[in-house]
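First comes the structure, then the notes that go with it.
The values are calculated or read from the model by the stated rules, or taken from the named source; none is laboratory data. Fair warning: this is a prediction, and the values are worked out from it, not measured in the lab. Using ideal geometry, Cβ is built from the backbone for each residue, glycine included, and neighbour counts are taken over all protein chains shown.
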Ligand SMILES: *Cc1c(COP(=O)(O)O)cnc(C)c1O
């Protein structure tokens with residue numbers, strides 16, 4: 001992570017194809033596009049790689065989440081279980097759908113704890129959105145089983161875990177829908193982009209219609225198409241898709257590089273007793289975009305973060321203080337500050353957002369540090385980083 005570190009001729013050639021035809025639109029223009037279908041090709045290759053039946057490329061991971069919720073019919077009055085540790089987009093999508101986010105605790109996987117999810121279910125719960133945070137997986141088999149047992153829609157936010165697997169199966173393919181992000185800092189990037197995958201033909205139809213103003217995509221002449229449903233514009237341009245296509249073809253190399261660096265760093269820190277690794281339910285499926293570890297208490301985690309920065313070990317996140325990734329800093333949600341009134345009228349339900357109690361998650365996130373694994377590091381960079389980290393963390 002991130003894919004922008006390895007832009008090269010592959011991306012340039014893909015973009016040049018698009019510029020050569022002048023067709024930036026993903027639909028139509030058959031006569032002049034010289035058979036370049038970047039979005040469509042990305043979708044075919046991504047679905048095949050994941051072992052999913054259908055993929056639809058969107059303008060972002062955020063719109064992918066919105067499209068998935070819409071396709072699953074989740075909206076006004078529904079409760080959706082989400083983790084307090086995620087990128088804000090997961091919760092925004094639920095709120096903007098008119099649904100109510102209900103927070104359940106995470107565990108030392110840094111993802112939703114299935115037992116904690118079971119405790120927050122109500123008759124209004126319709127869906128669960130686990131987030132595979134920082135490159136690794138939630139206990140997705142248990143979450144899928146729980147959703148099946150209670151008749152809940154499982155939507156995976158795999159925006160940070162492209163290429164990750166659990167027991168050989170791609171993350172994003174356990175739920176009815178899986179959402180991905182290819183924004184400018186993700187593992188593979190389109191500049192801006194995202195995707196939804198599903199095995200269900202009916203959901204896929206709703207997805208591509210909703211993401212394109214309800215167009216049914218059933219006619220060669222776009223002007224003649226019907227609009228069976230309300231939709232909006234969540235389309236991606238061919239330029240973005242072209243960059244993403246070149247990046248997708250590099251994914252195996254990206255994963256191999258990240259895994260190698262991560263293994264070397266873990267090795268270098270093996271003699272630091274204060275370091276507890278984040279639990280990874282299936283280590284073989286870790287996409288290894290981050291090295292995440294927990295320290296015994298918040299004070300030591302804060303000290304470690306400061307000492308690592310002072311030792312020149314950059315890219316270490318202390319998530320507890322980060323205002324994008326942890327609920328404690330999302331005041332605009334707690335007070336529902338929005339330029340317009342949101343569709344929910346269930347203020348009684350919303351009062352809960354102002355005082356969400358997630359003490360287990362506070363404790364875990366307050367002890368966690370994640371370091372981004374870079375693709376540009378040489379072996380010598382990794383070795384020297386490992387030495388500096390061991391010196392800091394061995395003394396904590
Ligand atoms: C990046 C991200 C998103 C949103 O993706 P964008 O493409 O930036 O809109 C959603 N969820 C998670 C967990 C993310 O990391």
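Side notes on the structure shown:
- Search result, residues across the range 18-40 that are surrounded by fewer than 18 Cβ atoms within 10 Å (Cβ to Cβ) and in a helix (DSSP H, G or I): 19, 20, 21, 40
- For residue 87, the conditions (1) surrounded by fewer than 22 Cβ atoms within 10 Å (Cβ to Cβ); (2) modelled with pLDDT under 95; (3) within 13 Å of the ligand (Cβ to nearest atom) are fulfilled apart from (2).
To keep it simple, each residue is scored yes or no on (1) modelled with pLDDT of 95 or more; (2) assigned to a loop (DSSP other than H, G, I, E, B).
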| position | (1), (2) |
| --- | --- |
| 66 | yes, no |
| 102 | no, no |
| 110 | yes, yes |
| 117 | yes, no |
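- Among the residues of the range 41-58, those that are outside any helix (DSSP H, G or I) and either surrounded by 20 or more Cβ atoms within 10 Å (Cβ to Cβ) or touching a helix residue (DSSP H, G or I) at 6+ places or on another chain (Cβ under 6 Å) (or both) comprise 52, 54, 55, 56, 57, 58.
- Looking across the range 274-307, the residues that are within 18 Å of the chain's Cα centre (by Cα) and within 21 Å of residue 387 (Cβ to Cβ) come down to 288, 290, 291, 292.
- A Cβ distance below 7 Å, combined with a sequence gap of six or more or placement on separate chains, defines the contacts here; from the range 227-249, residues that are at positive phi and in the same structural domain as residue 42 (by TED's automatic domain parsing) reach no residue that is surrounded by fewer than 19 Cβ atoms within 10 Å (Cβ to Cβ) and at pLDDT below 95.
- Any hit, the range 254-263, residues being in contact with a strand residue (DSSP E or B) (Cβ under 9 Å, 6 or more places away or on another chain), more than 14 Å from residue 3 (Cα to Cα) and surrounded by fewer than 20 Cβ atoms within 10 Å (Cβ to Cβ): no
- Matching residues, the range 57-74, being away from the ligand (no atom under 14 Å from the Cβ) and touching a residue at least 60 places away in the same chain (Cβ under 8 Å): 70, 71, 72, 74
Residues checked against (1) out of contact with any strand residue (DSSP E or B) (no Cβ under 9 Å at 6 or more places or on another chain); (2) at pLDDT 95 or above; (3) not in a helix (DSSP H, G or I):
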{"residue": "342", "(1), (2), (3)": "yes, no, yes"}
{"residue": "350", "(1), (2), (3)": "no, no, no"}
{"residue": "353", "(1), (2), (3)": "no, no, no"}
{"residue": "369", "(1), (2), (3)": "no, yes, yes"}
{"residue": "383", "(1), (2), (3)": "yes, yes, no"}
{"residue": "389", "(1), (2), (3)": "no, yes, no"}
{"residue": "393", "(1), (2), (3)": "no, yes, no"}
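- Scope the range 110-124; condition touching a residue at least 40 places away in the same chain (Cβ under 8 Å) and surrounded by 14 or more Cβ atoms within 10 Å (Cβ to Cβ); matching residues: 110, 113, 116, 121, 124
- In the set (1) assigned to a strand (DSSP E or B); (2) within 16 Å of the ligand (Cβ to nearest atom); (3) over 20 Å from residue 39 (Cβ atoms), the condition left unmet by residue 126 is number (2).
- The lone criterion from (1) closer than 30 Å to residue 25 by Cβ; (2) outside any helix (DSSP H, G or I) left unmet by residue 292 is number (1).
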